[in-house]
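One structure is given below, encoded as structure tokens.
The values are calculated or read from the model by the stated rules, or taken from the named source; none is laboratory data. All figures in this text were calculated on a predicted structure; none of them were measured in a lab. Positions of Cβ are backbone-derived with ideal geometry, glycine not excepted, and every protein chain shown enters the neighbour counts.
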Amino acid sequence: MEIEVITVNHPNIAKREISLLLVDNVIDVPSCDFLIYEARYGGRNGGLSGKSSHKMKAFQVAELYKYLDDIDLTWDKATESDIKRIRNAMLCWDSNDNPDIKYYDYNPIKNDSVNHKLNTWFKFYKYMKQIGIQNDMILSTKKIRKFEYKSMLHHLNYRASSTSEVVEVWKLKVKSSPKTIAYHALTRTEFAKLSQHLKNIDLVFELLAVFMVETGLRITAVLDAKKEDFQSFFKLISSGKELNDVVKRNYIPKGGDEFNQYELPLRVMQQINEKYLIREYNDRLYKYEQRCKRLDIQMPKESPLWILKNGKVLEKHDIWKAFETASNLMGRTTNKITPHWLRHTFATWTIMDVANAKNIPLENTGTTPSPLLILALQQKLGHANAETTFRYIVTALELMKLNLNDGAIKISLRSFLRDKNSQSLVKREALNEFGEDFIDSKFDVVKYAISRGIVIDDEITYELYE
């Protein structure tokens, strides 16, 4: 069985793509029907799925087909025991659901990853039953209470526990993976190192990283950004705005089809204009046009914004590959940085900045985080609740716990000038960053600390330093 995943425009939803399966070069009708339905109703609360989630679901259905083909079955002839056999193989379990690592020549995947696949397969078989396509699958299910995020005033609704919604799940699902209490986030020094490695791969990757960490946008929204979003920079500056001011820009959120707005700092507009749009973009656009002619690719009406130096339009897998390469260069062979880390980093820095500005002690957070912190995340991320805010507070505390002032902790320049230990630690960070290129006689620890966001630049104090 040869399976290929292709991406086409959704037949019923404007400006939406969908991934379908070609099985032996023929469109697979059952999975096609399911994936079209999921794109429309497979999101939160029965709404639209995320703009890019169609690919993951298509690959998961393709996995199901492939696994069943390996045991000489098709999807319509498979039974629940066959799916259990596949599940146990993914987890490296024996037939009695006990770990049996020695039997397998590969490592098990995480429980959550297995459950994610099982959930898609469960939906697939339920939809086949719904539309009346005959198959041998009989699903063993159970009812569980649907997880609901608790608001700050949920205790006032004392009837909530008796009216909570229950959902049907597959009994084949396994216990969830151990949960972490913090998100993945970077210190400002770590981000500076990441940016440098991304720049060495291609300038576009560096600018995308800056764009994501300064706005908190997901990778899909960043790739959907328009050239016009950045072109009014000089007009805004001439009107009296400053680099730390922000402007509102539109984007389509995950699982939605209506515009939301995010805050774009003018300092980001400046970087993208000066480094890319003015100096690089026209040359790259020309290479892109020549590449389209050479490969007989039909050019879209609107020119793409993000173009690699070889003239290829930037795609998601290019960004993932660049982040993987940069992670390896940073020595992260297991805990590799992904693009989504930057959204968590943005939120964590927001928590730290608001706490610093409003004098909110994060380490003394009680049973409910400060409403100011929840509000800040709601405004910046588009959604937030007390539980999410708690996790970002823990993430911020984890970045600060070593007390090394390695970029995540902002201190005043006045304090930094008096603290020789802090200066020594910052110099050590610079040595790690620049390696053999570090020149001690030319190194200015204060300018380096300010450029990396380690200290707050107090102009009066800085004049005294100068």
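When you scan segment 239-246, do you find a residue that is surrounded by fewer than 16 Cβ atoms within 10 Å (Cβ to Cβ) and in a helix (DSSP H, G or I), even just one? For segment 239-246, residues surrounded by fewer than 16 Cβ atoms within 10 Å (Cβ to Cβ) and in a helix (DSSP H, G or I): absent. Of the residues screened, LYS293 is one that is surrounded by fewer than 17 Cβ atoms within 10 Å (Cβ to Cβ) and either assigned to a helix (DSSP H, G or I) or more than 22 Å from the chain's Cα centre (by Cα) (or both).
You will find that of ASP296, ASP283, ASP318, the residue that is on the phi > 0 side of the Ramachandran plot and not polar (S, T, N, Q) is ASP296 and no other.
Return yes when ALA357 is in contact with a Ser or Thr (Cβ under 9 Å, 6 or more places away or on another chain) and of a type in the set (A, V, I, L, M) and no when it is not. Against the criterion (in contact with a Ser or Thr (Cβ under 9 Å, 6 or more places away or on another chain) and of a type in the set (A, V, I, L, M)), ALA357 does not qualify. Of all the criteria given as (1) at pLDDT below 80; (2) surrounded by 14 or more Cβ atoms within 10 Å (Cβ to Cβ); (3) of a type in the set (Val, Ile, Thr), the one not satisfied by ILE460 is (2).
Out of the residues in segment 215-227 that are touching a Leu at 6+ places or on another chain (Cβ under 8 Å) and assigned to a helix (DSSP H, G or I), which is farthest from GLN271 (Cα to Cα)? Among residues in segment 215-227 that are touching a Leu at 6+ places or on another chain (Cβ under 8 Å) and assigned to a helix (DSSP H, G or I), the one farthest from GLN271 (Cα to Cα) is LEU223. Only one entry in ASP112, ASP82, ASP76, ASP105 is free of Cβ contacts under 8 Å to residues at least 40 places away in the same chain and loosely packed, with under 15 Cβ neighbours inside 10 Å, namely ASP105. ILE252 meets all of the listed conditions (1) in contact with a strand residue (DSSP E or B) (Cβ under 6 Å, 6 or more places away or on another chain); (2) surrounded by 14 or more Cβ atoms within 10 Å (Cβ to Cβ) but one, namely (1).
Output the residues belonging to segment 46-99 that are farther than 15 Å from ASP28 by Cβ and either in contact with a Cys (Cβ under 6 Å, 6 or more places away or on another chain) or among the polar types (S, T, N, Q) (or both). SER49, SER52, SER53, THR79, SER81, ASN88, SER95, ASN96, ASN98 - these are the residues of segment 46-99 that are farther than 15 Å from ASP28 by Cβ and either in contact with a Cys (Cβ under 6 Å, 6 or more places away or on another chain) or among the polar types (S, T, N, Q) (or both). When ALA376, ALA386 are checked against the criterion of being surrounded by 13 or more Cβ atoms within 10 Å (Cβ to Cβ) and touching a residue at least 40 places away in the same chain (Cβ under 8 Å), ALA386 stands alone in meeting it.
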